[in-house]
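In what follows, a single structure is set out as structure tokens and then discussed.
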Amino acid sequence: MCGIIGYVGPRHAVPIVIGGLRRLEYRGYDSSGIAVLAAGGFKVARAVGKLSNLDPRLDALDVAGGGTHTAIGHTRWATHGGVTEQNAHPHLGRTGRIAIVHNGIVENVAALKAELRLAGIEFASETDSEVIAHLIEQGIAHGSGLEAATRAALLRLEGSQAVLAASLDEPGRLVCARIGNAGGVCIGRGRGECFVASDVAGILEHTREIVFLESHQLASVTADGLTVTLLDGAPVKPRVQILAWDPVAAEKGEHRHFMQKEILEQARSITDTLRGRVDLERGEVMLEELPLDAATLPTRLTLIGCGTSFHAALIGKFLIEDIARIPVDVDYGSEYRNRDPLIVPGSVAVAITQSGETADTLAALAEARARGSRCWAIVNAIGSQAQRMADGTITMRAGPEIGVASTKAFTASVVDLTLLACALGQAQGGAMAARAREVARALVRLPNWVGQLLGPDPVYDRLAARFHHHAHCLFLGRGINYPVALEGALKLKELSYIHAEGYPAGEMKHGPIALIDETMPVVCVAPRDRAYDKMVSQIEQIKARQGIVIAVLTAGDHALRERVDYAIEIPAAPEVLTPVLAVIPLQRLAYHLAERRGCDVDQPRNLAKSVTVE
Ligand code: AGP
């Protein structure tokens, strides 16, 4: 996924665009670039790698004098074309009078390039995005203005796109548009200035008045405001939202990394997730954005997510089937469509997505809706596509999650799934309502239990010192904590680049146990839950083959503590709440190992915070 930023207004544009790119860098950091509109033409700077590599080139971009300043910027996560300066955005047309930045994939790029080559165009890059600049330039050459030329160009493209364009012929104007789920486009209205960004993180420090573009919408933006139309030109009344999201929360503060901050603020973030949603007196759950009653209860739920959100969905299956006795399917966003999903009457598809912009998840949700399913979303990013697509939502309220590896959003989504399970049980009355009350009353104790896991603990430094040279690691869990093993493995591999696999512990004897020897560390999630005895047995099998066992176990479990090589304790809690507790030691383990290995904790190689391409 890439980040796009634009500014038009009286202030110098470079620091505003660069500051916005810094807040969007987590979206992609293969390369970056900026184009500033100046009298003699666009002043452009591009650099491969981190945004900071652009700094030495910024002085040359200064545009002296007053008047209106216009600039666009981009951080790239490479899809078409290698990570080179030539492929970095912004891209200019042949005459250099048009500059564009782009997020998405032009699926018909081959045909368009062939057509443009026939018209004498020579491409300066390997990217698909560059064709957009040439198409807009062609429109302008035939007498169109920037808005009409951009509209015409977009109508030629296949696939999901987010585009932002500027023209020397129309200083003080930006044109932006969105097609499909390529990742958002939002416009911020300031006092005599306007901003365009992929998501609000890039512009919230300047304004809270935000207009989110829907798919197939185009905006023409000047310092005085914006007009919005559909791609066919029909006017649209822009809906201005005043966002409460605090941009300061997106700062690192005294922490070394965003990920460290986001791990350590989970007691607070879970408190925010729960706030106002559990009536302690009655032990009842209240989901304001998702009204439920017996008449509209789902007959079946399909939980859909990718990566960490998929792991939350797996936990959601255990929670909802245990508490509300409603059957649940779980699927990867990228796989859902491939299985020709059957939708039974009364089905509900639930997208679980921190960013609300993950293309695979959004496409699956759209598929479910097209087949007649109701659609809900458990989402963190306010105003995101998933939130706007869904019939009902449960927001995570985790605050901005900047670290590419998801931590507080994962625990927030599991808490939201617990709240959903309780609300579904509650709506059915009887024994299920009683079970829901029991869980809801325990749920409010979760922030305190989580807080006990966030203090300084030398075990993580000891584990990092011992295992930072290891190339492999296994994670095992059973039942509701099997997905926690998957999540621990994902955290470790995406942060430290150590090969890690998560397995249902019961599967070890069916093959993977052949991997066990004295060089293999095995993390076992073994709290006192219904699978505890079986987990202890698995640990014995690993120890019998000289495996190294790192156990996450319930505080006070001295017997198991004696049997393993390393133990990390979690507070005793009802089984349904153990995943949120058990995952925190695994987040911290991955963080410390990645730090020890000198990896880039907040922006691991090859990754992006939200993958808005399929
Ligand atoms: C999380 O650590 C990963 N970086 C990644 O798997 C992420 O969970 C996945 O891309 C889904 O993102 P979403 O929750 O924003 O949809």
Considering only 351, 112, 217, whose Cα is most displaced toward the positive end of the charge dipole of the chain, charges sitting on Cβ of Lys, Arg (+1) and Asp, Glu (-1)?
351
Tell me, in nm to one decimal, what length is gained between residue 232 and residue 600 on full extension, where the rule is 0.36 nm per residue of separation less the Cα-Cα distance?
128.0 nm
Using distinct alpha-carbon pairs, which all enter the 1/r mean, Kirkwood radius of the chain in Å
25.4
Where a label projected 7 Å from the Cα of residue 546 along Cα→Cβ would reach, residues of the stretch 454-476 with amide N under 15 Å:
none
What relative contact order, as a whole-number percentage, does the stretch 401-532 give when Cα pairs under 8 Å and 6 or more residues apart are counted?
20
Scalar couplings 3J(HN,Hα) for the stretch 291-305 by Karplus 6.51 cos²θ - 1.76 cosθ + 1.60 (θ = phi - 60°), nearest whole Hz, x for Gly and Pro, are x, 10, 8, 4, 6, 10, 5, x, 7, 7, 10, 10, 8, 10, x
Stretched out fully, how many nm does the piece from residue 321 to residue 470 gain, at 0.36 nm a residue minus the Cα gap?
49.8 nm
Rounded, prolate or oblate (a/c below 1.5 giving rounded, otherwise prolate when a/b exceeds b/c) for the stretch 1-81 by Cα gyration tensor:
prolate
Go ahead and run the numbers for FRET between residue 80 and residue 254, Cβ-Cβ distance against an R0 of 25 Å, rounding to 0.05.
0.05
Over the Cα atoms of the stretch 434-509, what is the Rg over Rh ratio if Rh follows Kirkwood?
1.09
To make sure I understand, if each residue's beta carbon is the centre and we count other beta carbons within 10 Å, what order do 265, 575 fall in, fewest to most?
575, 265
Quick one: 208, 605, 189, fewest Cβ neighbours within 10 Å first, how do they rank?
605, 208, 189
What FRET efficiency do you get for residue 141 and residue 55 if R0 is 35 Å and r is their Cβ-Cβ distance, rounded to the nearest 0.05?
0.45
What is the stretch 28-162 by shape, rounded, prolate or oblate, if you read a ≥ b ≥ c off the alpha carbon gyration tensor as root eigenvalues and call it rounded for a/c under 1.5, prolate for a/b larger than b/c, and oblate otherwise?
oblate
Expected 222 nm ellipticity per residue - DSSP helices of 4 or more, -39500 (n - 2.57), all of the chain, to 500:
-10000 deg cm²/dmol
So, counting K/R as plus one and D/E as minus one, what does the shell of residues with Cβ under 10 Å around residue 322 add up to?
+1
Determine the alpha carbon to alpha carbon distance for each of 252/493; 509/543; 491/609 and list only those over 20 Å.
252/493
Leaving out same-chain residues fewer than 8 places away, which aspartates and glutamates sit with a Cα under 13 Å from that of residue 317?
329, 331, 416
Give, in nm to one decimal, the length gained when the segment between residue 434 and residue 563 is fully stretched (0.36 nm per residue of separation minus the Cα-Cα distance).
42.6 nm
Decide, for the stretch 318-387, between rounded, prolate and oblate: order the square roots of the alpha carbon gyration tensor eigenvalues as a ≥ b ≥ c, take rounded if a/c falls under 1.5, and otherwise choose prolate if a/b is larger than b/c, else oblate.
oblate
Restricting to bridges with both residues inside the chain, how much of the DSSP beta-bridge set is antiparallel, in percent to the nearest 5?
60
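Taken together, the values in this text are just the output of simple stated rules run on the coordinates, not laboratory data. Here the structure is a predicted model, which means the values were calculated and not measured. Glycine gets a Cβ as well: all are built from the backbone with ideal geometry, and neighbour counts include every protein chain shown.
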